[in-house]
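This report concerns only the one structure given below.
The values are calculated or read from the model by the stated rules, or taken from the named source; none is laboratory data. These numbers come from a predicted model, not from an experiment. When we count neighbours, we look across all protein chains shown, and the Cβ atoms used for this are built from the backbone with ideal geometry, even at glycine.
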Ligand SMILES: Cc1cc2nc3c(=O)[nH]c(=O)nc-3n(C[C@H](O)[C@H](O)[C@H](O)COP(=O)(O)OP(=O)(O)OC[C@H]3O[C@@H](n4cnc5c(N)ncnc54)[C@H](O)[C@@H]3O)c2cc1C
């Protein structure tokens, strides 16, 4: 079985989610290769430890994160190398590339997967359904099989041999170059992103208003973590959408998740339930979050969080 993993990069770094999918692909066995598309991306490609080969499509026309030129590169590779599987970690770009590639190759794409396994020489994917209350198995009728995995579904491998880098000729369709990136803006961020952080401190409606995030940020800073939020508070404009954790937000799996004033609705739970240790602070002892938290603190977060941040700072100094 030959598997190709689409490796997305930000600057010189491959994303944690795509490295996680690469680690899963190597567990499936067979021949595993990666592909990195961009401009001056050899440095990033070399970091794909575990892949036997990484195809590098290096071209200034691939600098902007636009899908169609990447579909051209991947379609050429899949045809030339006869890959059986093409795996993606979900992102806005990866979803566009995966769907464009499915259309181009007339291939089947299963999306929103959280797992995949080899069975009888083929693959079986696992996908949450019915509001994430059940898992269903999904398959493919033919090769190449395309799969898009929820971000954070797999951990990257701790180590692995450096890959052989293989330059691929970049031949782009005329229609793929009709879209141009007009402007790119990067959100100013200090500290780790919520997908990459080992510790996430998340706030919900219990914070009482946008100012309530001050104490959440304070605790996150003290712990060296990132700030997450529920949909209720991002919809209310208390915190940016980029911090939303859950079914319609991001999936995170930090070592420690501190949920502050969060009730624990199923749509939030599915985005953080694979965290190592879940600590919940809620004034309602019957809040659903206590059903799946490892440690529960019943009390007013406005009193608890500042003290907790202070204790963390003291312990660290
Ligand atoms: C299709 C769909 C998709 C959705 N996707 C998402 C998603 O991706 N992510 C997401 O989070 N939600 C999502 N939701 C919304 C979800 O159902 C919940 O409404 C939401 O998660 C609730 O947010 P919350 O916990 O902040 O608010 P609430 O449910 O209102 O909970 C607030 C909690 O704060 C506690 N509290 C209040 N004051 C204090 C205090 N002073 N100290 C301590 N505790 C206090 C309360 O006891 C309560 O438990 C989705 C819903 C739908 C229908």
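Side notes on the structure shown:
- Checklist (1) more than 9 Å from the ligand (Cβ to nearest atom); (2) more than 28 Å from residue 90 (Cα to Cα) applied to residue 212, failing item: (1)
- Contact map, the stretch 278-299: residues that are in contact (Cβ under 8 Å) with a residue 40 or more places away in the chain and more than 18 Å from residue 245 (Cα to Cα) paired with residues that are within 10 Å of the ligand (Cβ to nearest atom) and part of a strand (DSSP E or B), Cβ distance under 8 Å, separation 6+ or inter-chain. Pairs shown: 283/298.
- Residue count for the stretch 239-274 under the criterion of being modelled with pLDDT of 90 or more, more than 10 Å from the ligand (Cβ to nearest atom), part of a loop (DSSP other than H, G, I, E, B) and under 14 Å from the mean Cα position of the chain (by Cα): the result is 1.
- Matching residues in the stretch 300-317 - criterion: being within 7 Å of the ligand (Cβ to nearest atom) and touching a strand residue (DSSP E or B) at 6+ places or on another chain (Cβ under 7 Å): 301
- In the stretch 111-148, the residues that are within 21 Å of residue 81 (Cβ to Cβ) and surrounded by 20 or more Cβ atoms within 10 Å (Cβ to Cβ): 116, 123, 144, 145, 146, 147, 148
- Those helices (runs of 4 or more DSSP H) of the stretch 1-111 in which 2 or more residues are under 30 Å from residue 248 (Cα atoms) and touching a residue at least 40 places away in the same chain (Cβ under 8 Å) occupy 16-28, 67-81, 92-105.
- Checking each residue in the stretch 228-238 for being more than 6 Å from the ligand (Cβ to nearest atom) and surrounded by 23 or more Cβ atoms within 10 Å (Cβ to Cβ) picks out 228, 229.
- Among the criteria (1) in a loop (DSSP other than H, G, I, E, B); (2) over 20 Å from the mean Cα position of the chain (by Cα); (3) crowded, with 21+ Cβ neighbours inside 10 Å, the one residue 286 does not fulfil is (3).
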